[in-house]
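To start, the structure itself, in structure tokens.
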Amino acid sequence: MTNASNPYIDRLGPYPMVRMARLLADIQPPAGKPLIRFSVGEPRHPLPRVLVDAFAAAAGTVNAYPSTRGSDAMHRSIANWVERRYAPARVDPRTQVLPVNGAREGLFSFAEAVLDKTRTDSLVICPNPGYAVYDGVTKLSGLTPWYFATHGAGSMGERYAAVPAEIWRRAQLIFVCTPDNPRGDTLTLDDWRTLFQLSDEHGFIIAADECYSEIYVNGVPPLGALQAAARLGRAGYERLAAFFSLSKRSNATGLRSGFIAGDAALLRQTEQFRSYNGGGMNQAVEAASIAAWDDEEHVHANRERYRTKYRRVIPLLQSVLPVQEPRAGFFLWVDVRRTGMSDEAFARALMAEEHVQVLPGTYLTNEVDGVDPGAGHVRLALVADEEECMEGARRIVRFCKSLATRAVPA
């Protein structure tokens with residue numbers, strides 16, 4: 001008897017958090033120091049009251065199958081939020097909006113729905129560093145990821161323009177993360193103009209992951225893909241889909257709620273796919289989501305918490321390591337090469353001595369032509385409350401200062 005198996009599963013490596021758990025599994029951290037976890041981008045600020053109340057009020061409605069498409073009220077709430085946040089962008093709530101169960105599910109379902117898996121020689125362009133889901137869904141589709149270095153000299157648009165034409169000709173889709181994970185970089189209107197022109201020339205789809213869009217510390221909202229398209233006269237959003245989530249904006253990671261907006265034809269394909277995989281959002285989650293998208297007060301308060309943490313944490317870390325304030329998001333991408341340690345060695349030693357957990361940079365990157373952009377870097381997620389973040393920063397400073405008095409493993 002032949003055992004049935006998906007031949008593409010073996011193309012996947014362990015998920016970054018699984019790799020980290022294995023890396024640290026044998027470490028016995030000091031018992032007297034509580035764990036401080038900078039490794040996972042899971043906001044731990046309070047849930048907004050308006051969301052909690054709406055969820056509780058609708059809890060009795062989940063005795064019916066949810067619609068894959070979602071209610072008209074949900075579509076209107078999302079469309080109204082897009083118009084408020086990304087003017088002059090407007091989306092038709094009937095055809096250009098699709099609620100999804102979080103950005104991860106949306107990104108995965110979208111790629112599964114729109115990629116032509118018969119074109120086995122084609123490429124999906126993934127940011128490097130980047131979210132593991134981009135790479136994973138590409139490999140599970142039987143296609144080949146092509147890793148685009150998001151960090152380097154010149155603007156993002158200049159780096160897009162420098163990609164060989166043969167790569168663009170073979171590309172079916174490009175994943176764009178803005179604000180970027182892990183550095184918080186954002187795209188300008190000129191960057192988007194270049195990417196849209198390349199899409200027009202070669203026909204590839206743009207999937208813009210904007211789940212960190214509402215966490216910005218300088219008071220300037222990042223330019224979004226839909227907004228850039230509208231400014232450039234692309235109101236139909238041809239070959240463009242943008243992805244949003246309440247996980248970061250509203251500290252609601254467990255709610256699993258987000259949406260896709262953009263090209264109506266691409267959204268129809270995605271809705272068709274999700275009608276088979278059980279992708280409908282339950283009614284209580286939908287009610288909580290509407291309340292969250294309709295309210296900006298809790299979002300302003302949330303940004304202020306991150307702004308305060310950056311003001312306090314970054315100068316402290318800068319006393320021992322090169323750290324830059326991100327334009328948006330809640331991650332710090334920290335270069336630890338001056339310690340003489342690899343990113344994995346740094347993460348292990350920091351855990352063993354200070355009970356602080358950080359994510360090795362190479363768990364978010366891929367080596368291309370002998371260069372790995374994550375080597376010698378770690379990612380810190382400033383998602384805990386202010387005092388816990390400060391305590392974690394103090395421990396990192398103490399650890400780094402202690403390294404100067406001893407030899408350290410590479």
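The values are calculated or read from the model by the stated rules, or taken from the named source; none is laboratory data. Predicted model only: the values in this text are computed from it and were never measured. Backbone-built Cβ (ideal geometry, glycine too); neighbour counts: all protein chains shown. Quick note on the areas: whole protein, heavy atoms, side chains included, nothing else; ligands and nucleic acids left out. Shrake-Rupley method; radii C 1.70, N 1.55, O 1.52, S 1.80 Å.
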- Taking segment 175-213 and the residues there that are surrounded by fewer than 23 Cβ atoms within 10 Å (Cβ to Cβ) and acidic (D, E), the one that is modelled with the lowest pLDDT would be D185
- Mind checking which residues of segment 7-29 are outside any helix (DSSP H, G or I) and either acidic (D, E) or free of Cβ contacts under 8 Å to residues at least 24 places away in the same chain (or both)? P7, G13, P14, A25, D26
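Looking only at segment 214-223, filter to residues that are crowded, with 17+ Cβ neighbours inside 10 Å and either small (G, A, S) or touching a strand residue (DSSP E or B) at 6+ places or on another chain (Cβ under 9 Å) (or both); which one of those is farthest from L382 (Cα to Cα)? Outline the logic, then answer.
From segment 214-223, those crowded, with 17+ Cβ neighbours inside 10 Å are 214-217, 222-223; that's our starting set.
Keeping just the survivors that are either small (G, A, S) or touching a strand residue (DSSP E or B) at 6+ places or on another chain (Cβ under 9 Å) (or both) gives 214-217, 222.
Details: E214: 15, I215: 12, Y216: 13, V217: 13, P222: 19 Å.
Per the stated criteria, the residue is P222.
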- State whether the residues of segment 307-317 include one that is modelled with pLDDT under 95 and aromatic (F, W, Y). no
- Message: Being in contact with a helix residue (DSSP H, G or I) (Cβ under 9 Å, 6 or more places away or on another chain) and part of a helix (DSSP H, G or I) narrows it down to one residue among A89, A64, A59; which is it?
- Response: A59
- Query: List the pairs whose first member sits in segment 217-245 and is touching a residue at least 12 places away in the same chain (Cβ under 8 Å) and closer than 21 Å to F204 by Cβ, whose second member is assigned to a helix (DSSP H, G or I) and of a type in the set (K, R), and whose Cβ atoms are under 8 Å apart, counting only residues at least 6 apart or on separate chains?
  - Reply: G224/R85; A228/R193; L232/R193
- Message: I need the full set of residues from segment 170-202 which are in contact with a strand residue (DSSP E or B) (Cβ under 9 Å, 6 or more places away or on another chain), hydroxyl-bearing (S, T, Y) and farther than 29 Å from D335 by Cα, in order please.
- Response: S199
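Checking the condition under 20 Å from the mean Cα position of the chain (by Cα), in contact (Cβ under 8 Å) with a residue 60 or more places away in the chain and open to solvent by 10 Å² or more (accessible area, probe 1.4 Å), which residue from W293, W333 passes?
Of W293, W333, the one residue that is under 20 Å from the mean Cα position of the chain (by Cα), in contact (Cβ under 8 Å) with a residue 60 or more places away in the chain and open to solvent by 10 Å² or more (accessible area, probe 1.4 Å) is W333.
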- Message: Being open to solvent by 30 Å² or more (accessible area, probe 1.4 Å), assigned to a loop (DSSP other than H, G, I, E, B) and either among the β-branched types (V, I, T) or over 13 Å from L266 (Cβ atoms) (or both) is the filter here; which residues of segment 224-253 pass it?
- Response: L232, G233, R234, A235
- Task: Could you tell me whether any residue of segment 114-132 is in contact with a Lys or Arg (Cβ under 6 Å, 6 or more places away or on another chain) and within 30 Å of D294 (Cβ to Cβ)?
- Result: no
- Count - residues of segment 338-392 that are in a helix (DSSP H, G or I), within 27 Å of Y147 (Cβ to Cβ) and without any contact (Cβ under 8 Å) to a residue 24 or more places away in the chain: 2
- Task: From the list A287, A292, pick out the single residue that is of a type in the set (G, A, S) and in contact with a Phe, Trp or Tyr (Cβ under 9 Å, 6 or more places away or on another chain).
- Result: A287
- Task: From Q324, Q283, grab the single residue that is surrounded by fewer than 19 Cβ atoms within 10 Å (Cβ to Cβ) and on the phi < 0 side of the Ramachandran plot.
- Result: Q324
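Step by step: first the residues of segment 92-117, then only those that are of a type in the set (D, E, K, R) and in a helix (DSSP H, G or I), then the one that is most open to solvent (accessible area, probe 1.4 Å). Which residue is that?
That would be R104.
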- Item | Any chance E166 is part of a helix (DSSP H, G or I), open to solvent by 10 Å² or more (accessible area, probe 1.4 Å) and out of contact with any strand residue (DSSP E or B) (no Cβ under 6 Å at 6 or more places or on another chain) | yes
- Give the residue that is most open to solvent (accessible area, probe 1.4 Å), with candidates limited to residues of segment 67-78 that are in contact (Cβ under 8 Å) with a residue 24 or more places away in the chain and assigned to a helix (DSSP H, G or I). A73
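If you scan segment 319-337, which residues turn out to be aliphatic (A, V, I, L, M) and not in a loop (DSSP other than H, G, I, E, B)?
Hits for segment 319-337 are A328, L332, V334.
Table: residues versus (1) in contact (Cβ under 8 Å) with a residue 40 or more places away in the chain; (2) in contact with a strand residue (DSSP E or B) (Cβ under 9 Å, 6 or more places away or on another chain); (3) open to solvent by 60 Å² or more (accessible area, probe 1.4 Å).
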site: E42; (1), (2), (3): yes, yes, yes
site: P48; (1), (2), (3): yes, no, no
site: N63; (1), (2), (3): no, no, yes
site: N80; (1), (2), (3): yes, no, yes
